[in-house]
Amino acid sequence: MSFHALRLVAPLALLASPLSAQYLREVGSAPAPKTLVGINLQLGVPQGEFRNFVGTGGGLGGNITFMVDRNRHFGLRLWASWIEYGRTTERVPLSPSLPGLDVDLTTSNDIISFGFGPELHLGSGPLRPYLHAAIGTSDFATTTSVEGSNNSSPFASSTNFNDWTFAWYGGGGLMYLVSSKNNPVYIDAGVRYQVHGETRYLREGSIQSDNNGGVIIRPVQSQTDLLVIHLGVQVGI
């Protein structure tokens, strides 16, 4: 870097230092919230035997955490999650007696999870690392819906297969305070490991026609551990 460039950058660095320090003092002095409400985008990565049958999926998650101690380091988290790990859509005739009237037949493979357990916050400033664990349940469900080209939503749907299973979860993350107004807002990033044990489920290709107007369903049974990566926001209330 040239001498002239240094002359331009140095004043900016000197100005940025007290401004960043002032920001940290301001947001760090904000009281920790009693309750946190979060929503996030999720990436579900199959682990172990599960990844031999399905690929990476995506979805949404949400949580409510009630801080129960005076220093607001310990709380109880209630959360829900939806991850779609497979989807196929094909154009088929609505009925053999109605040629030219085609519909979209969509089959989706989903994991819907619920959990409840403790959450521990390891800091009290603008950066708040946390750990959490939970017990709960997950539903591995496959649903088929029918939608016409001019429909805004499916006009018919059916659950082809589902299996509820007991589960336990453990994970952690990092919240970064970006606003300390009336309701503090945090950027939230983290991971969660879901252990389900043996589960029966469908994947892409598990539903096939029998050439007589019916279908053949071939479920898979395996371990279904899942690593979930999330990015979202948490709001204190």
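The values are calculated or read from the model by the stated rules, or taken from the named source; none is laboratory data. Given the structure is predicted, the values throughout are model-derived calculations rather than measurements. No Cβ is skipped: glycine too gets one built from the backbone with ideal geometry, and neighbour counts run over all protein chains shown. For the accessible areas, the whole protein counts, side chains as well, though only heavy atoms, and no ligand, DNA or RNA atoms are used. Shrake-Rupley method; radii C 1.70, N 1.55, O 1.52, S 1.80 Å.
Contact annotation: residue pairs with Cβ atoms under 6 Å, 6 or more positions apart or on different chains, pairing a residue in the stretch 184-201 that is closer than 13 Å to ASN40 by Cα with a partner that is of a type in the set (Val, Ile, Thr) and open to solvent by less than 30 Å² (accessible area, probe 1.4 Å), are ARG192/VAL228.
Collect the residues in the stretch 105-139 that are assigned to a strand (DSSP E or B) and among the polar types (S, T, N, Q), keeping them in residue-number order. Spell out the reasoning first.
Residues of the stretch 105-139 that are assigned to a strand (DSSP E or B), as a first pass: 105-121, 127-139.
Listed by number, the residues that qualify are THR106, THR107, SER108, ASN109, SER113, THR137, SER138.
Taking the numbered list (1) surrounded by fewer than 11 Cβ atoms within 10 Å (Cβ to Cβ); (2) modelled with pLDDT of 95 or more; (3) not small (Gly, Ala, Ser) in turn, ILE216 passes all entries but (2).
When the residues of the stretch 26-82 are filtered to those that are aliphatic (A, V, I, L, M) and in a loop (DSSP other than H, G, I, E, B), the one that is modelled with the lowest pLDDT is ALA30. Looking at SER145, SER149, SER153, SER158, just one residue is at pLDDT below 95, loosely packed, with under 14 Cβ neighbours inside 10 Å and assigned to a strand (DSSP E or B), and that residue is SER158.
For (1) surrounded by 13 or more Cβ atoms within 10 Å (Cβ to Cβ); (2) among the hydroxyl-bearing types (Ser, Thr, Tyr); (3) part of a loop (DSSP other than H, G, I, E, B); (4) at pLDDT 95 or above, each residue gets a yes or a no:
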site: GLY190; (1), (2), (3), (4): yes, no, no, yes
site: TYR193; (1), (2), (3), (4): yes, yes, no, yes
site: GLU204; (1), (2), (3), (4): yes, no, yes, no
site: GLN208; (1), (2), (3), (4): no, no, no, no
site: ASN211; (1), (2), (3), (4): no, no, yes, no
site: ILE229; (1), (2), (3), (4): yes, no, no, yes
site: GLY232; (1), (2), (3), (4): yes, no, no, yes
site: VAL235; (1), (2), (3), (4): yes, no, no, yes
